[in-house]
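Worksheet for the structure shown next.
The values are calculated or read from the model by the stated rules, or taken from the named source; none is laboratory data. What you are looking at is a predicted structure, and each value in this text was computed from that prediction instead of being measured. Note that each Cβ is placed from the backbone with ideal geometry, even for glycine, and that neighbours are counted across all protein chains shown. Heads up: the accessible areas ignore ligands, DNA and RNA and are worked out on the full protein's heavy atoms, side chains in. Shrake-Rupley method; radii C 1.70, N 1.55, O 1.52, S 1.80 Å.
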Amino acid sequence: MAQAQQMEAHYAEAIRAYAERLQTTDPTPPPRSMRETDPIGYLEAMEDYRQEVDARQRLQQEQQLLAQREAQTQAQQRAEYVKAQTQVVLEQIPELRDAETAPKAIEAMMAEGRRRGFTDAELKGESDPRFVMALHELAKMRAQGNLGTNREVKRGAIKPGAKKSI
């Protein structure tokens, strides 16, 4: 796989270098006046022009194919990453494995994300397990009533000179 990726990278670099070389000058057809003065030279110049135009078209096609392959590879790698991260999330949040509790847990996480200013598209596209677990924890805290309240925390009286607990 690594060798194939390396070969693809070399191929892409060669295509870019070839494109730069071709882009230095635009092909121009021979002047029409040359047709009357030098018909054979005109035909040769016209053939050179056509070959250069064809080379540019082939190059553009190769660049498009290369871009498609790169996009396909990136999509495949992204899908593999998401699949692996999904397994991590399922291991760390057991409620998501159960068909009955999963929809409720997901909706609670989505609602918490919306409260935090995220769009549904952003939330559905997130694949970082740390983010998902943080949303899950926030949703659990809100469900338990420990989040979103403005209760004042009562503490015991602090005596002057008292040692801090570690």
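Numbers below:
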quantity: Nearest 10 degrees, 0 to 90: helix 129-144 Cα axis against the chain principal axis; calculated: 30
quantity: FRET efficiency for Gln63 and Lys124, using Cβ-Cβ distance with R0 set to 35 Å, rounded to 0.05; calculated: 0.60
quantity: Local electrostatic count, Gln85, Cβ distance below 13 Å [Lys/Arg +1, Asp/Glu -1]; calculated: -1
quantity: Those residues of the stretch 46-86 whose amide nitrogen sits under 17 Å from the label point placed on Tyr18, 7 Å along Cα→Cβ; calculated: 51-70
quantity: DSSP-assigned coil residues among GluC sites (Glu not before Pro) in the stretch 49-141, each with at most 12 further Cβ atoms within 10 Å; calculated: Glu100
quantity: Percent accessible area from carbon and sulfur atoms, the chain, protein chains only, probe 1.4 Å; calculated: 53
quantity: Relative contact order computed over the chain (Cα-Cα under 8 Å; 6+ residues apart), in percent; calculated: 14
quantity: Counted charge near Asp54, where neighbours are those whose Cβ lies closer than 12 Å (Asp, Glu -1; Lys, Arg +1); calculated: 0
quantity: Simple spin-label estimate for Gln5 and Met141 in nanometres, 7 Å along Cα-Cβ; calculated: 3.7
quantity: Dipole axis of the chain (+1 Lys, Arg; -1 Asp, Glu on Cβ), positive-most option in Ala79, Tyr18, Ala121; calculated: Ala121
quantity: Gyration tensor (alpha-carbon) shape descriptor, the chain, a/c threshold 1.5; calculated: prolate
quantity: Gained length - Tyr49 relative to Thr86, 0.36 nm times residue gap less alpha-carbon distance; calculated: 7.8 nm
quantity: Summed side-chain charge close to Glu8 - residues other than Glu8 whose Cβ falls under 11 Å, Lys, Arg +1, Asp, Glu -1; calculated: -1
quantity: Listed residues Gln5, Leu138, Gln68: farthest to the positive end of the dipole of the chain (Cβ charges); calculated: Leu138
quantity: Length released on extending from Gln77 to Arg56, taking residue separation times 0.36 nm less the Cα-Cα span; calculated: 4.4 nm
quantity: Computed magnitude of the charge dipole of the chain (debye, nearest 20; Cβ of K, R +1, Cβ of D, E -1); calculated: 1960
quantity: Dipole in debye (nearest 20) - the stretch 11-65, about Cα centre, beta carbon charges: Lys, Arg +1; Asp, Glu -1; calculated: 160
